[in-house]
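S.K.: This is the structure I want to talk about, given as structure tokens.
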Amino acid sequence: MTIQLKTETIIDALKEAPGFLGAGRAGKLPYRSFMIRAIKTGHNGHRLEALRVGGRWLTSVEALQRWAEAQTREVTASGRPGPVAD
């Protein structure tokens, strides 16, 4: 699926998107390099949908949701253990 500019909530993929993903193990938000890799080559076999507009990478809240759900489906379907809940 592609990002729909008219209907989805557009955010800056490098500045705003990490805040939606939350802090990691070290208590820090994902780095800029992680977001760029997620867009260009993917993470766990899934690429984050994004658009390059001028010098900025844009994504959407909905694209982040689809990306996270795809990774979750893969983990639960494969039987691999997921993160430990606090």
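Readers should treat all values here as calculations from the given coordinates under stated rules, not as data from a laboratory. Treat the numbers as computed from the prediction; the structure is a model and nothing was measured. With ideal geometry, Cβ positions are generated from the backbone for all residues, glycine too; neighbour counts draw on all protein chains shown.
S.K.: Would you mind finding the longest exposed-site-free stretch of the chain, with exposed trypsin sites (Lys or Arg not before Pro) meaning DSSP loop and at most 16 other Cβ atoms within 10 Å?
M.R.: Free of exposed loop sites, the longest segment is 48-86.
S.K.: Something else about it: In whole Hz, with x marking every Gly and Pro, tabulate ³J(HN,Hα) for segment 31-39 from phi via Karplus 6.51 cos²θ - 1.76 cosθ + 1.60, θ = phi - 60°.
M.R.: Whole-Hz 3J(HN,Hα) from phi for segment 31-39: 6, 3, 5, 5, 5, 5, 5, 4, 6.
S.K.: Based on the alpha-carbon gyration tensor of the chain and its eigenvalue square roots a ≥ b ≥ c, which shape applies: rounded if a/c is under 1.5, prolate if not and a/b is larger than b/c, or oblate?
M.R.: On the way: a/c = 1.95, a/b = 1.45, b/c = 1.35.
Note, shape of the chain comes out prolate.
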